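Input: a single structure, listed below in structure tokens.
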Amino acid sequence: QKIERAEEDTVAFTVEDGIAWVKFNRPEKRNCMSPKLNRRMKAVLEELEFRDDVKVLVLTGEGDAWTAGMDLKEYFRETEAQGLGAVRKSQRESYGWFERLRWYEKPTIAMINGWCFGGGYGPLFGCDIAIAAEDAQFGLSEINWGILPGGGASKVAQELMPFRKAMYHAMMGENLTGKQAEEQGLVTEAVPADRLKARVLEICEALKKKDTHALRATKWTMRRMVDMTYDNGLEYQIRAQEALHSFGGAAARKEATRQFLDEKSFKPGLGTFDT
Ligand code: ACO
């Protein structure tokens with residue numbers, strides 16, 4: 001049957017035990033990204049970002065897709081029919097939330113439960129850790145319908161995958177399974193579908209125990225350094241660590257050091273200090 005979703009309904013979310021579970025919520029359209037969904041996702045991410053009860057954010061999909069990429073009807077055809085201004089607006093709405101996710105203030109995990117195509121590589125890259133079902137399918141399908149992988153997708157493949165694999169992936173329009181995506185660097189790890197949520201939960205629980213500010217500084221440092229020289233990276237690390245001190249970093253480090261050296265209650269090589 002035909003489902004007309006209100007904008008609020010294109011993204012679903014719940015917060016449980018410090019974890020925000022955010023879902024692409026257009027299963028009947030394989031969670032493809034329409035302008036409405038893009039606007040809603042930006043609003044949801046912003047709403048969750050500074051909530052004290054959110055320690056980690058997981059982005060997943062309702063039904064059998066993570067996301068089937070951009071909506072060819074609502075994002076492309078209908079928007080293009082309205083002219084350049086409308087095209088730019090919808091590009092900015094989608095790239096805007098992909099960017100928000102790349103620089104999110106909390107750790108983020110992509111839990112890829114199924115189809116992930118084209119434009120979906122933007123949020124895939126935006127998430128810090130990506131765990132896929134082994135039988136999920138990843139594709140730069142753009143070439144199959146006569147365009148290039150835009151909206152960040154080709155850059156994501158080129159950043160994450162070995163160059164020969166990325167080039168083949170972009171040119172051939174053949175899908176990779178979750179397992180192959182792991183082997184080629186597109187995702188962190190692939191697990192059997194029935195273990196997917198348990199594995200993501202395990203990672204969330206580990207992240208929840210880390211120092212929030214140190215995690216944020218770490219993920220930003222990793223992303224910022226991609227296009228820095230070694231020396232600039234080193235300088236950035238010094239500055240970022242010093243900035244961390246204004247969020248209580250100096251005291252946290254002192255306490256962790258005390259727990260290790262004096263109290264002998266934990267070993268940094270084997271686990272996290274008690275925050
Ligand atoms: N844009 C618009 N509508 C879509 C999209 C999409 N990206 N993906 C799925 N849909 C719609 C279908 O048109 C269909 O609508 P209908 O029920 O009104 O006919 C509905 O979602 C269900 O899709 P089916 O194709 O029937 O689902 P199926 O499970 O057989 O196939 C698959 C799933 C393989 C994901 C298929 O839908 C597909 O190929 N989608 C397009 C994937 C793609 O290439 N996306 C674009 C990437 S490029 C970019 O993002 C710039």
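Shown in residue order for the range 251-267 are the 3J(HN,Hα) couplings computed by the Karplus curve 6.51 cos²θ - 1.76 cosθ + 1.60 at θ = phi - 60°: 5, 4, 5, 4, 5, 4, 4, 4, 4, 7, 7, 9, 7, 6, 9, 7, 10 Hz (x for Gly and Pro). For the range 1-158, the C-alpha radius of gyration sits at 0.98 times the compact-globule guess of 2.2 N^0.38 Å, with N the residue count.
Take the alpha carbon gyration tensor of the range 125-265, find the square roots of its eigenvalues, order them as a ≥ b ≥ c, and report rounded if a/c is under 1.5; if not, report prolate when a/b exceeds b/c, else oblate.
oblate
When you restrict to C-alpha pairs under 8 Å that are six or more residues apart and normalise by the size of the chain, the relative contact order lands at 14 percent. By the equivalent-ellipsoid construction on the alpha carbon gyration tensor, the range 190-275 comes out with semi-axes of 26, 23, 11 Å, ordered largest to smallest. The distance between label points at Leu72 and Glu46 comes to 3.2 nm (points 7 Å beyond Cα on the Cα→Cβ vector). Return the calculated 222 nm mean residue ellipticity for the chain, to the nearest 500 deg cm²/dmol, obtained by summing -39500 (n - 2.57) across DSSP H runs with n ≥ 4 and dividing by the residue count. That calculation yields -13500 deg cm²/dmol at 222 nm. For the chain, the convex hull spanned by the alpha carbon atoms encloses 154 Å³ per residue. The magnitude of the dipole of the chain, with charges of +1 and -1 set on the Cβ of Lys/Arg and Asp/Glu and taken from the Cα centre, is near 360 debye.
In summary, the lysines within cross-link reach of Lys73, defined as a Cα separation below 23 angstrom excluding same-chain residues under 8 places away, comprise Lys2, Lys23, Lys29, Lys36, Lys42, Lys89.
Lys-Lys pairs in the range 115-261 that are eight or more residues apart or on separate chains and whose Cα atoms lie under 28 Å of each other come to 19. Cross-link partners for Lys106 among the aspartates and glutamates, with Cα-Cα distance under 12 Å and sequence neighbours closer than 8 places in the same chain left out: Glu46, Glu49, Asp52, Asp53, Asp128, Asp211. Placing unit charges on the Cβ atoms only, positive for Lys and Arg and negative for Asp and Glu, gives the range 119-199 a dipole magnitude near 80 debye about its Cα centre. Averaging the Cα positions of each part gives two centres, and for the range 191-223 and the range 105-149 these lie 18 Å apart.
None of the figures in this text is laboratory data; all of them are computed from the coordinates on show. None of these values were measured; they are calculated from a predicted model. Here Cβ is always computed from backbone atoms with ideal geometry, including for glycine, and neighbour counts include all displayed protein chains.
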